[in-house]
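The values are calculated or read from the model by the stated rules, or taken from the named source; none is laboratory data. Quick caveat: nothing in here was measured; it's all calculated off a predicted structure. Cβ placement follows ideal geometry from the backbone for every residue including glycine, while neighbour counts extend to all protein chains displayed. Ligands, DNA and RNA are excluded from the accessible area calculation, which covers all protein heavy atoms including side chains. Shrake-Rupley method; radii C 1.70, N 1.55, O 1.52, S 1.80 Å.
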Amino acid sequence: HRHLARGLAAVAIVGCIWGAAGSLAVADRVWMTEGAMRAAFIGKTLDGHYADGEDWTETYRPDGRLDYRDRRRPSIVGYWYFRDHIFCTFYDPGQSIDGGCFTAIQESANCYEFYLAGFSEREADKDVPPGPVGRWVARASRQGEPSTCRPRPTV
């Protein structure tokens, strides 16, 4: 019972923080459509960070190819594709990174949150729950435009 009480307390606290700090109302936080993601990401470069704080940059070329880099991997190439509202990014073999499939939420004008939908191409066919579940795994904004993401907490 203690675990349940702690869990409910955490949900209540997160709900209060989310409600107070969110730039969009909870009801507005819906999965982006394929069309919305294509318009926001394809032909663009995103600068972002993972939930653990590590920075990354990824360019989604119109030909279905991508270029990725982070602190440990300065030049990784791969490909992207959509399955309805699921955006998949995978990397060419032998590059020390696999990739995955994601749903996205536009958090504000130039801030996007990505939620894990699956780690393999096979999983991209599975249904995704309706609406945000769990915590975002990456947050990003389009390069060359002012980011509207909230500042990261500093330790």
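Looking for whichever is of a type in the set (A, V, I, L, M, F, W, C), within 17 Å of the chain's Cα centre (by Cα), open to solvent by less than 30 Å² (accessible area, probe 1.4 Å) and under 21 Å from E34 (Cβ atoms) here; the options are F102, F87. Which one fits? Don't jump to the end; show me each part of the working.
Numbers: F102 fails: open to solvent by less than 30 Å² (accessible area, probe 1.4 Å).
None of the other options fit; the residue is F87.
Conditions tested, residue by residue: (1) at pLDDT 55 or above; (2) open to solvent by less than 70 Å² (accessible area, probe 1.4 Å); (3) out of contact with any Gly (no Cβ under 8 Å at 6 or more places or on another chain).
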position	(1), (2), (3)
G7	no, yes, yes
V14	no, no, yes
G43	yes, yes, yes
T59	yes, yes, yes
TODO: Please work out if A117 is aliphatic (A, V, I, L, M) and modelled with pLDDT of 95 or more.
DONE: no
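If a residue must be among the hydroxyl-bearing types (S, T, Y) and within 20 Å of W31 (Cβ to Cβ), how many such residues does segment 53-90 contain? Working first, answer last.
Of segment 53-90, the ones among the hydroxyl-bearing types (S, T, Y) are 57, 59-60, 68, 75, 79, 81, 89.
Still in the running and within 20 Å of W31 (Cβ to Cβ): 60, 81, 89.
Qualifying residue count for the region: 3.
Out of all the residues in segment 45-83, which are assigned to a loop (DSSP other than H, G, I, E, B) and either hydrophobic (A, V, I, L, M, F, W, C) or touching a helix residue (DSSP H, G or I) at 6+ places or on another chain (Cβ under 6 Å) (or both)?
A51 - this is the single residue of segment 45-83 that is assigned to a loop (DSSP other than H, G, I, E, B) and either hydrophobic (A, V, I, L, M, F, W, C) or touching a helix residue (DSSP H, G or I) at 6+ places or on another chain (Cβ under 6 Å) (or both).
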